[in-house]
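First up is the structure itself, then whatever we jot down about it.
Any read-out appearing in this document is the output of simple, stated calculations on the displayed coordinates, not a laboratory observation. All values derive from a computational prediction rather than experimental measurement. Cβ: placed from backbone, ideal geometry, glycine included. Neighbour counts: every protein chain shown.
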């Protein structure tokens, strides 16, 4: 699998364009903003986008979904647990003092735990990892996992926003992500790429038993 990263918006959110090199079929993961830049990168790489997949419904991850739907005419996939978040993107932005007149995206596919994701000749699956949000998911492809705001290099997602639960988040990480091989690369929603092995060894939150 090949990928490119478009770092979007003032929140420095990572939008991933992922594709199968053999067929050039691909998907967009978490288009948070800057739709024109994302489209330009898709065109530059020659990717034939077949769907948009989101790890969760926070405004800084879905801001460009609607314009991409209009431009690419592809389905949008989200976990049902984040349906209300996706519908209230503009209101979320107001919590941060931002005026974001976003059009809520139309959800075409509701994601479920262990659901298959087909990208050209490659196959991945959905991991439901609630805690940052109730509908939070990760996307696992062989030696790559796209984790949204569930896990970061040296940290984890915040849980003080609506739908967050710190104990649930740590349980999701321990049960779903730390069961993966150390060699699996971790692609977070913000910040640098890391690995399961590195986070298992150095991330202070992995075995944390309290709340935050």
Problem - Cut-off 17 Å, label 7 Å out along Cα→Cβ of residue 167, residues of the stretch 119-159 by amide N - result: 130-134, 159
Exercise for the section: With the Cα gyration tensor of the chain in hand, give its eigenvalues times 5 under a square root as the equivalent ellipsoid semi-axes, listed largest first in whole angstrom. Expected result: 24, 21, 15
Exercise for the section: List the pair-distance distribution P(r) of the stretch 27-80, using every Cα-Cα distance, as the percent of pairs falling in each 10 Å bin from 0 up to the bin containing the longest distance, rounded to whole percents. Expected result: 26, 61, 12, 0
Practice task
Estimate the FRET efficiency between residue 158 and residue 22 by the formula 1/(1 + (r/R0)^6), using the beta-carbon distance for r and 45 Å for R0, to the nearest 0.05.
Solution key: 0.70
Handout entry: Average projection area in nm² (convex hull over Cα atoms of the stretch 116-212, one quarter of hull surface)
Key = 5.9
Handout entry: Extension gain, residue 88 back to residue 123 (0.36 nm per residue minus Cα-Cα distance, nm)
Key = 9.4 nm
Completion exercise
For residue 198 and residue 114, extending 7 Å from Cα along the Cα-Cβ vector and measuring point to point gives, in nm, a value of 3.2
